[in-house]
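Novice: Before I ask anything, here is the structure I am working with.
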Amino acid sequence: MKKPIEFLSQAYRVRGEFYLVEEEAATHTAILLHGFPGAMGDVLDLGQRMAKHGINTLTFNYRGTHGSEGTFSLQNTIEDIQAAYTYLRQDQVIREFQVNPDEIVLGGYSYGGGMALLYTMSHPEVKRVFSISGTDHGEFTREYQRNSALAEAIRASYEELKFPVGPVNFEWNDAVEEITQNPDLYDLRLGANALASRDILLIGGWDDKNVVIERHILPLYRALVEAKTQKIQIAAFQDDHAFEKSREELAIIVIHWVKS
């Protein structure tokens, strides 16, 4: 069952959906973060698939995207994730959606995968996190600064995404500057030691041209191994960024990892 939900993030209304387990007691609840700019609704069809296998799943649109109030930024996304945790720990929500506050996992796709890991770095209460083709924004910044053609393409793309023409309420130059002025803050490899005590699942696509596995995912995996991460799993599919050919297999891996 899918239910529309709303919660407040810094007094702004954030829109989302809750994929609710119906036929059995939920074993876990997942917060599932979308990419950028993302869309309204499910992420890679994971929410509905996870709910069918006993995992409640909350998705939402970051502030300033797809009808959520406010403006979009990386820092605002971090606050939105915190607000999602606060929402799930409300007594009424715990009762209505059968949420076990001790069994909440955080995950995301593309931009959302990177932000899930980034949030976890500074929030030790998050014990388990999964990232599907997650962007390492430190690597994004390095590529943006060294590749002028890519930088121009990104600027043009961001201009098209800008509200009211596009679905994102932001100033794209502010969003880029937010990263480029403080790249180390968003570098997942530099944060490997902060992640080492967590249970982590990394997933990538060998044919992904957006989040290239050799630049974003494998270097992070190796940094986590170097940091002596005890619980880490990595999987890769012969697929591109959209995972259109392997969504069922991807869901199986995520569901097995969440329930293990």
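What follows draws every value from the coordinates through simple rules; no lab data is involved. These figures come from a predicted structure and were not determined experimentally. So basically every Cβ, Gly included, is an ideal-geometry build from the backbone, and we count neighbours across all protein chains shown.
Novice: Calculate how many DSSP beta bridges within the stretch 2-259 are antiparallel, expressed in % of all such bridges and rounded to the nearest 5.
Specialist: Working: 13 of 41 bridges.
Given both bridge residues lie in the stretch 2-259, the antiparallel proportion sits at roughly 30 percent.
Novice: Continuing with this model, one more query. With θ set to phi - 60°, apply the Karplus curve 6.51 cos²θ - 1.76 cosθ + 1.60 along the stretch 224-234 and write out the HN-Hα couplings as whole Hz, x wherever there is a Gly or Pro.
Specialist: With coefficients 6.51, -1.76 and 1.60, one gets 5, 4, 4, 7, 6, 5, 8, 10, 9, 10, 10 Hz.
Novice: So what's the net charge close to L161: Lys and Arg +1, Asp and Glu -1, counting the other residues with Cβ under 12 Å from its Cβ?
Specialist: That works out to -1.
Novice: If you don't mind, another one. Please list, in order along the stretch 141-147, the HN-Hα scalar couplings obtained from phi with the Karplus expression 6.51 cos²θ - 1.76 cosθ + 1.60 (θ = phi - 60°), rounded to whole Hz, x for Gly and Pro.
Specialist: The phi angles translate into 5, 4, 5, 4, 6, 9, 10 Hz.
Novice: Per residue, how big is the convex hull of the stretch 124-260 when only Cα atoms are used? Give it in Å³.
Specialist: 136
Novice: To continue, here is another question. Taking the chain as a Gaussian network, Cα atoms linked when under 10 Å apart, which of L185, L46, L201 shows the biggest mean-square fluctuation?
Specialist: Sorting by GNM fluctuation, first place goes to L185.
Novice: What's the longest uninterrupted piece of the chain once you rule out the trypsin sites (Lys or Arg not before Pro) that are loop residues per DSSP with at most 14 other Cβ within 10 Å? Walk me through the numbers on the way to the answer.
Specialist: Values: sites that count: R89, K209, K228, K245.
With a cap of 14 other Cβ atoms within 10 Å, the longest stretch comes to 90-208.
Novice: A further question follows. What residue among Y85, Y19, Y62 has the largest mean-square fluctuation in a Gaussian network model of the chain, using Cα springs under 10 Å?
Specialist: Comparing Y85, Y19, Y62 in a Gaussian network model of the chain, the most mobile one is Y85.
Novice: Taking amide H positions as placed 1.01 Å from N in the peptide plane, with prolines and chain starts having none, which residues 5 or more places from S9, or on another chain, fall under 5 Å of its amide H?
Specialist: Placed amide hydrogens put V14 under 5 Å from S9.
Novice: For the stretch 145-207, which chymotrypsin sites (Phe, Trp or Tyr not before Pro) are in a loop by DSSP, counting at most 15 other Cβ atoms within 10 Å?
Specialist: Qualifying residues, ordered by number: W206.
Novice: Please list the non-local residues whose amide H lies under 5 Å from the amide H of K245, H modeled 1.01 Å from N, same-chain partners needing a gap of 5 or more.
Specialist: D240
Novice: For the chain, what is the number of Lys pairs with C-alpha distance below 14 angstrom, counting only pairs 8 or more positions apart or on separate chains?
Specialist: 4
Novice: Would you order H256, H66 from fewest to most other beta-carbon atoms within 10 Å of each residue's own beta-carbon?
Specialist: H256, H66
Novice: Right, here's the next one. Could you derive backbone 3J(HN,Hα) for the stretch 213-222 from the dihedral phi with the Karplus parameters 6.51, -1.76 and 1.60 (θ = phi - 60°), listing whole Hz in sequence and x where the residue is Gly or Pro?
Specialist: 4, 6, 9, 9, 9, 4, x, 5, 4, 5
Novice: Show the residues, 5+ positions off or on another chain, whose built amide H is closer than 5 Å to the amide H of S197.
Specialist: none
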